[in-house]
1. When the range 9-36 is examined, which residues are found to be free of Cβ contacts under 8 Å to residues at least 40 places away in the same chain and in contact with a Leu (Cβ under 7 Å, 6 or more places away or on another chain)?
2. Among the numbered criteria (1) loosely packed, with under 13 Cβ neighbours inside 10 Å; (2) free of Cβ contacts under 8 Å to residues at least 40 places away in the same chain, which one does ALA45 miss?
3. Take the residues in the range 48-70 that are among the hydroxyl-bearing types (Ser, Thr, Tyr) and loosely packed, with under 15 Cβ neighbours inside 10 Å, then tell me which one is modelled with the lowest pLDDT.
4. Is it the case that some residue within the range 28-37 is buried (at least 16 other Cβ atoms within 10 Å of the Cβ) and not basic (Lys, Arg)?
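The values are calculated or read from the model by the stated rules, or taken from the named source; none is laboratory data. Not measured: the values here are computed from a predicted model. Counting neighbours? That spans all protein chains shown, and the Cβs are built from the backbone with ideal geometry, glycine included.
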Amino acid sequence: MRIYFTNLPSSITENELTDLFSTYGNIASVHIAMNRAGFVTMVTAEGARAAIEALNGKVLASGTLTLSEVPPKGEPVNLMNSPSRPRRRASHLY
């Protein structure tokens, strides 16, 4: 199961992130993007959920981690209640 993270402090490396998440289960892969966001792929869903519960909002080297579960490919994503969902403006066509 994949976990998406944001707000990763620039001093944290992939190895340190692997060590942090491995407390909750086996890690398949870690990828940090240039914007300090990325993905951790864990072998089990249980490990991923435990990591999200324990680490979401955790202060790490002066940054606060934000974690979320990435649904498997092909599974629908509910964006209706998402705070980042774009709002539609009403248009009046007469």
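1. So in the range 9-36, the residues free of Cβ contacts under 8 Å to residues at least 40 places away in the same chain come out as 10, 13-19, 21-36.
Answer for the range 9-36, where residues must be free of Cβ contacts under 8 Å to residues at least 40 places away in the same chain and in contact with a Leu (Cβ under 7 Å, 6 or more places away or on another chain): VAL30, ILE32, ARG36.
2. It is condition (2) that ALA45 fails.
3. The first filter runs over the range 48-70 and keeps only residues among the hydroxyl-bearing types (Ser, Thr, Tyr), leaving 62, 64, 66, 68.
This time we only want the ones that are loosely packed, with under 15 Cβ neighbours inside 10 Å, so: 62, 64, 68.
On the way: SER62: 80, THR64: 90, SER68: 93.
Result: SER62.
4. Step one: of the range 28-37, the residues buried (at least 16 other Cβ atoms within 10 Å of the Cβ) are 30, 32.
The next check asks that each one be not basic (Lys, Arg); those that pass are 30, 32.
Yes, the range 28-37 contains at least one residue that is buried (at least 16 other Cβ atoms within 10 Å of the Cβ) and not basic (Lys, Arg).
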